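To start, the structure itself, in structure tokens.
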Amino acid sequence: MSESSGDTARPDGRSRSGTRRRTVEPASELPVARVLVDVSPHHLDRPFDYLVPRRFDAAAVPGCRVRVRFNGRLLDGFLLERVAESDYRGRLAWLQRVVSSEPVLAGELLELVRAVARRYAGTLNDVARLAVPPRHARVENEATPERPDEPPDPPEASAWSRYEHGAAFLRAVREGRPARAVWQALPDEDWPVRLAELAAAAAAGERSVILVVPDHRDLTRLAKACAVLLGEERVVSLSSELGQAERYRRWLAVRRGDVRIVAGTRAAMFAPVVPRPGLMVVWDDGDQQHLYPTTPYPHVRDVLTHRAHSTGSALLIGGFARTAEAELLVESGWAGEILADRAEVRAAAPRVTAIGEDDTQLARDPNVRSARLPSIAFEAARQALRDGAPVLVQVPRRGYMPALACARCGERATCRQCAGPLSVAAGSGRDDPSPPVCRWCGVAETRFRCVSCGNDRLRAIVIGAARTAEELGRAFGGVTVRTSGGERALDHVPAGPALVVATPGVEPTVAGGYGAALLLDARAMLSRPELRAGEQALRRWFAAAAMVRPAGSGGRVVVLAESELTPVQALMRWDPAWYAARELAGRAELGYPPAKRVASVDGSPAAVGELLDGLALPEGGEVLGPVPLGEVDEEGEAERERVLLRVDRARGRLLAEVLYQAQVERGRGGAGPVRVQLDPLEPI
């Protein structure tokens with residue numbers, strides 16, 4: 001039930017201080033405004049009723065921004081609707097101000113905000129902050145630029161015929177049918193151009209489009225492809241890198257219907273396109289940047305899936321790899337597949353070789369030891385350089401040496417002062433070695449001795465990009481070595497012989513493709529203690545391998561891991577769908593997402609226990625834990641802990657509802673804050 005939060009003027013026209021004020025008259029029609037006040041607690045997650053003064057009658061439209069007095073403070077809010085009378089029987093306060101009459105939270109966007117809040121057990125305000133950018137007053141008053149009235153011509157998109165059902169999906173998008181598909185892009189695919197063709201097909205039918213990619217590097221490529229095919233005036237890019245004014249300017253252009261094609265990062269999933277979307281696309285849905293890092297932690301794939309279902313629009317989930325979640329959509333029949341036949345895949349893919357990286361193999365060849373490369377990888381790089389092509393070296397760590405271990409027994413090297421991990425600073429080498437330094441306390445370890453065997457020699461567990469570049473420079477004398485990672489990410493590198501050392505996700509593109517790719521420390525990527533370790537490793541390998549020339553042009557990929565490992569087999573066969581099906585079956589057997597719906601609850605032991613005490617899990621629900629999160633107090637007790645709640649997927653909505661209600665009932669008197677996250681990427 002809606003209610004008021006207090007009043008600001010008495011009926012006799014006097015203020016609380018007793019001074020005479022101008023009498024305020026309510027609007028003659030629909031005088032009650034239901035306002036979503038900008039407050040965070042779950043127990044305040046409901047609209048509050050306020051009276052609309054007559055002077056605000058025309059400006060106070062559903063979806064506009066307002067200011068109201070709440071609990072003695074002047075707060076922002078959104079006017080959700082106006083009604084004839086209130087259910088609240090007390091005295092209503094007045095709207096203090098209509099900040100802007102622009103209806104920024106209304107219609108389909110408001111429906112989406114409500115649906116996302118329900119799915120993730122969050123509040124309307126939590127989601128509204130993500131969906132509606134901050135206001136910029138000057139931008140709202142700017143003149144609207146001229147936009148083309150005529151829709152673009154349908155694209156020539158014969159490249160979609162390389163895929164089974166590709167041409168049919170394109171036709172469905174052009175005709176406005178609600179087609180849904182998971183697209184497995186070929187290794188040599190120019191995916192930004194393919195997505196631009198889909199956008200053009202939807203725009204030709206006068207329908208709006210939302211295209212979401214993981215980061216600004218992908219967005220730059222996609223926006224350029226769309227601008228070339230459709231014209232810059234028909235496309236707008238939305239991302240967090242924009243300034244407040246420019247971001248709001250572009251967002252308003254979308255809301256007002258001036259631009260119908262939106263390309264962006266995760267914030268674009270809430271783009272209020274007009275008319276309702278005809279096509280929505282998420283590229284590389286396994287990238288962790290598609291998950292919002294703030295409450296209630298929505299994921300682009302899930303939001304766009306819901307939005308496509310509720311609006312009857314087409315949906316495409318595309319990538320070089322495939323997640324278990326996308327495979328579930330296929331196996332359930334909700335989405336179809338867009339695949340190329342095996343002959344087409346073999347013609348487009350590079351040759352992939354897997355090897356074992358062990359100490360005996362390294363000991364047989366001094367050059368291999370200096371370069372940290374087995375002979376087959378060393379030869380693949382040499383051949384590509386002789387052919388005048390660059391070589392991509394993917395290293396799963398930034399920096400120099402992320403971790404050190406005893407060279408004899410493999411025991412992790414730790415600091416004698418604080419037991420923190422030791423590392424080697426960049427720039428040290430054989431000619432001028434620097435002692436390892438603790439990464440926690442910064443103390444240099446000048447006399448290392450292994451606590452297990454007494455050995456005084458160290459080796460790197462996983463060597464970072466900077467050290468790898470140094471080693472490659474010594475092994476391949478006279479060859480240019482470039483690095484890409486962290487704050488020094490490269491977008492492009494010139495064609496020609498060079499070694500490009502990059503961390504996953506920031507591999508620069510090169511015209512004509514790389515001659516070879518070396519995927520280092522592959523076993524380390526697979527051995528990470530995470531649910532999605534194999535899936536994430538394979539996704540990164542596919543992304544790097546897709547930059548390499550086809551095998552017919554001499555392209556080679558060498559992955560430093562044993563060929564019997566399932567992710568390595570999937571890479572060698574270039575069959576991400578096969579791996580995704582196996583991964584989904586394994587998670588279903590073990591009861592992991594997406595076969596199950598999981599929620600994590602973090603907080604102090606008292607706060608977590610309080611929430612669980614008031615929680616009635618759906619039938620068949622399980623509580624896993626609690627487990628400490630690392631911090632302990634002076635008595636050795638965990639300061640924070642986590643529990644996992646697990647239910648069958650069919651009862652996932654019930655789990656969200658009971659978690660929401662439990663947070664409402666905790667109210668203000670709780671034992672401390674808790675963080676509730678549904679569908680976390682790493683629940684274990």
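The values are calculated or read from the model by the stated rules, or taken from the named source; none is laboratory data. On a predicted model such as this, the values are computed, not experimentally measured, just so you know. Because the Cβ atoms are built from the backbone with ideal geometry, glycine has one as well, and the counts that use them run over all protein chains shown. Ligands, DNA and RNA are stripped out before the accessible areas are found, and what is left, the full protein with its side chains, is counted by its heavy atoms. Shrake-Rupley method; radii C 1.70, N 1.55, O 1.52, S 1.80 Å.
Just a few scattered comments:
- Cα gyration tensor, the range 472-520 - rounded (a/c under 1.5), prolate or oblate: oblate
- With Cα atoms, 0 to 90° folded angle of helix 465-475 axis to the chain main axis: 20 degrees
- The range 131-240 - Rg (one decimal) and Dmax (whole number), Cα, Å: 15.6, 50
- Accessible surface of His309 - all protein chains present, 1.4 Å probe, nearest 10 Å²: 130 Å²
- Efficiency of FRET between Glu639 and Arg342 - r from beta-carbon atoms, R0 45 angstrom, step 0.05: 0.25
- Per-residue packing, averaged as other Cβ atoms within 10 Å, sorts the ranges 515-522, 135-142, 200-207 into the order 515-522, 200-207, 135-142, beginning with the highest.
- For the chain: accessible area per residue (Å², 1.4 Å): 44 Å²
- To put it simply, the accessible area of the chain at a 1.4 Å probe is 47 percent carbon and sulfur.
- For the range 181-314, the square roots of the Cα gyration tensor eigenvalues, ordered a ≥ b ≥ c, give a/c below 1.5, which places it in the rounded category.
- Nearest-0.05 FRET efficiency for Ala606 and Ser161, computed from C-beta distance (R0 45 Å): 0.15
- Alpha-carbon centroid distance for the pair the range 200-219 / the range 567-605, whole angstrom: 29 Å
- The spacing between the range 291-354 and the range 138-195, judged by their C-alpha centroids, is 16 Å.
- Stokes-Einstein translational diffusion, the range 222-287 - Kirkwood Rh over all Cα pairs, 1.306 mPa s, 10 °C, in µm²/s: 129 µm²/s
- Estimated FRET transfer efficiency when R0 is 22 angstrom, pair Glu379-Val479 (beta carbons, to 0.05): 0.90
- Between Glu140 and Arg177, the simple spin-label model (points 7 angstrom out along Cα→Cβ) gives 4.4 nm.
- Cα gyration tensor shape of the range 553-655, rounded if a/c is under 1.5, else prolate or oblate by comparing a/b with b/c: oblate
- Positive dipole terminus of the chain, leading residue within Pro47, Ala227, Gly513 (C-beta point charges): Pro47
- The distance between label points at Ser240 and Arg73 comes to 2.4 nm (points 7 Å beyond Cα on the Cα→Cβ vector).
- Among beta bridges identified by DSSP and lying wholly in the chain, the antiparallel ones come to about 50 percent.
- Helical mean residue ellipticity (222 nm; -39500 (n - 2.57) per DSSP H run of 4+; nearest 500) of the chain: -8500 deg cm²/dmol
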